[in-house]
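Working notes, beginning with the structure itself.
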Amino acid sequence: MVPLDRRATLRAMGTATYDVVVIGAGMTGAGVALDATTRGLRVALIDAGDFASGTSSKSSKMVHGGLRYLQQREFRLVYENLRERQRLLENAPFLVRPLPFLIPIFGANSVGSRALAKGYATALRLYELAGGWRIGQHHRKVTAAEALEHVPALRSERLVTGFVYLDARGDDARVVLTLVKTAVLEHGAHAVNYVRAVSLMHHESGRVRAVVCHDELSGDEFTLATKLVVNATGVWADDVIAMAESAPSHLITPAKGVHISVARERLRTDIAAVFNVPGDRRSVFVVPFDEAEATFIGTTDTAYDGALDNPLCTPEDIDYLLDAVNASTTAQLTRDDIIGLWAGLRPLLAPAPGSRLSERTADLSRRHQVHDTGDGVVHITGGKWTTYRQMAEDAVNALKPYVANLTGVRTKKLRLHGTGAWRPSTPLEEHLYRRYGSDSQLVLAIIDENSALAAPVIPGQSYVGAEFVFAARHEMATSLIDLVTRRTRAHLHDARRTLEAADSICSMVARDMGWANEDCIAQLRAYRSLVEREFTSAGLAL
């Protein structure tokens, strides 16, 4: 496999002319780049940060229809989500896999619990009619004893019954990276991280003609000649809209979502569980991690007006999640149990002018919109990562007025990079397959070079040394933070233990990254600063 090579890509970009430059390399932008390049367009994909460094690495890691959207009568959205969920399951089976969900039913009296159970049974039937049936298994009712087998800490004195249904899970950051690899390695797009779009240049006619870029790592400025631009920057969309000038303003209302991780022994579950939040019309998920002896809990959904680049967990966010879980379980989790945490921003569509505003961001639509302002700049806003492919298709379709004979969409049945005939035969290979697919063979080749790299690096996590080396050689990682937050998810699983292992990780990748001793010291300092900032903001001791 030809690696993702940042320096080579920047050199190639310097002499190329593109049909379209996609700004924003999260789930949507990577999807747009893949859709456009498979339809014959010359594509460049850039991001001011790392691939998926914004919202697209900070989700709940679930590919789902959104059962609660039925309560908001968003039937079309649920149908679309479930259709796209199935496409992901088929097009990237090593990355996106079915995940059972448990809905425990609690009640103080038999009448109330029967009514609640009947309501959930109806909602689940509607969910399956909307497309949930495609996953191959219908929901089923379970006894209290069966529910306790899955989540032993459920409050048994109030537990009446429950339901189990199937949705899906996926590592959001790895899905983004796989989309990038598919676009670049298999279809000829150019993609580079840490390149910021600083302005747009236009012809006298008003049509866009170039994107002025700043390399965040070298400080160099350069220009990408292009006929078209797609703004896929999520919560940063309004910033690019300001560059375009002629576009409508304020399309995005950010909402913050927070997740926390605890050791698996403190909250055991072998499937995902859904808990209602007392006194709120929301629910939270409890999900076992695949790669670590940990369970994560999320999410919040609150209005946000801070800096878009660095959303942080607050003590109030932490208390909300702990209170929600402790109300349904006997785990009695405290702040001392938290070993990892992350906060992300959802790019929700701003309410239309004059519309009645809800105080709850959970009530804002998760649908997406495409805006074409007539100057060759198309803005794709809103949405959720499950429907990234449909969002990308809609954005590229909006380029039709500017592109003669644009071919039809090809991504509906397009297998993503890594989907191949190779299958695992050992536990290590199984672990690698779930992250790299057929590229696992390249990771195994690194182990053949140095057998010591077959050992797990961080206690309680299954990542082996060769994975960090592979990311350094093949996946355009530029920093220790890239390696532990997105190429692997070690930081989310257990930030303290990852920090303890950070020096070893730096030593493993130093040669491939070109780091001298002082560079390693700087990388360690930067990562420690990140961990301290996140834990301190949340009121947690490091």
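Each reported figure results from applying straightforward, stated rules to the coordinates on display, with no laboratory input. What you see is a predicted model, and the numbers here were worked out from it, not measured in a lab. Cβ coordinates were reconstructed from backbone atoms using ideal geometry, including for glycine residues, and neighbour counts include every protein chain displayed.
Among 197-209, 71-83, sorting by the average number of other beta carbon atoms lying within 10 angstrom of each residue, highest first, gives 71-83, 197-209.
By definition, a body whose alpha carbon gyration tensor gives a ≥ b ≥ c is oblate when a/c is 1.5 or more and a/b is not larger than b/c, and region 273-335 fits this oblate description. Placing +1 on the Cβ of every Lys and Arg and -1 on the Cβ of every Asp and Glu, with no other charges, gives region 427-537 a dipole of roughly 320 debye about its Cα centre.
For the peptides 42-54, 219-231, residues were scored by their other Cβ atoms within 10 Å and the scores averaged per peptide; the highest-first order is 42-54, 219-231. So which of LYS61/LYS384; LYS227/LYS256; LYS61/LYS181; LYS118/LYS384; LYS61/LYS256; LYS58/LYS227 end up more than 23 Å apart by C-alpha? Beyond 23 Å: LYS227/LYS256; LYS118/LYS384; LYS58/LYS227. The stretch between GLN72 and ALA225, if pulled fully straight at 0.36 nm per residue, gains 50.7 nm over its current Cα-Cα span.
With a Förster radius of 41 Å applied to the beta-carbon distance between THR15 and ARG525, the computed FRET efficiency rounds to 0.65.
Relative contact order, whole percent, for region 427-537 stands at 21, derived from Cα pairs under 8 Å and 6 or more residues apart.
Per residue, the average separation of C-alpha pairs within less than 8 Å and at least 6 apart gives the chain a relative contact order of 19 percent. Calculated from the structure at hand, Cα extents along the principal axes in Å is found among (1) 72, 59, 46; (2) 73, 53, 47; (3) 117, 41, 37 as (1). Here's how it looks for TYR18: its modeled amide H is under 5 Å from those of ALA225, THR226, LYS227, which are all 5 or more places away or on a different chain. Think of it this way: in the chain, CYS213, CYS313 stand alone, with no other Cys Cβ under 4.7 Å. Distant-in-sequence amide contacts of VAL142, defined by a placed amide H-H separation under 5 Å and a gap of 5 or more residues or a different chain, comprise GLY162, PHE163, VAL164. For the pair region 95-153 and region 482-502, the centres of their Cα atoms are 34 angstrom apart. Stretching LYS412 away from ALA108 to a fully extended chain increases their span by 104.7 nm, per 0.36 nm per residue minus the current alpha-carbon distance.
Between SER156 and GLN137, the contour length at 0.36 nm per residue exceeds the Cα-Cα span by 4.1 nm. When you restrict to C-alpha pairs under 8 Å that are six or more residues apart and normalise by the size of region 413-482, the relative contact order lands at 20 percent.
Highest mean first, the peptides 157-169, 298-310, 388-400 sorted by other C-beta atoms within 10 Å per residue fall in the order 388-400, 157-169, 298-310.
Count the DSSP beta bridges whose two residues both fall in the chain, then state the antiparallel fraction as a percent rounded to the nearest 5.
Looking only at bridges with both residues in the chain, the antiparallel portion is about 75 percent.
Taking θ as phi - 60° and the Karplus parameters 6.51, -1.76 and 1.60, the scalar couplings of region 398-410 work out to 5, 7, 3, x, 9, 10, 6, 6, 4, 6, x, 5, 10 Hz in sequence order, x denoting glycine and proline.
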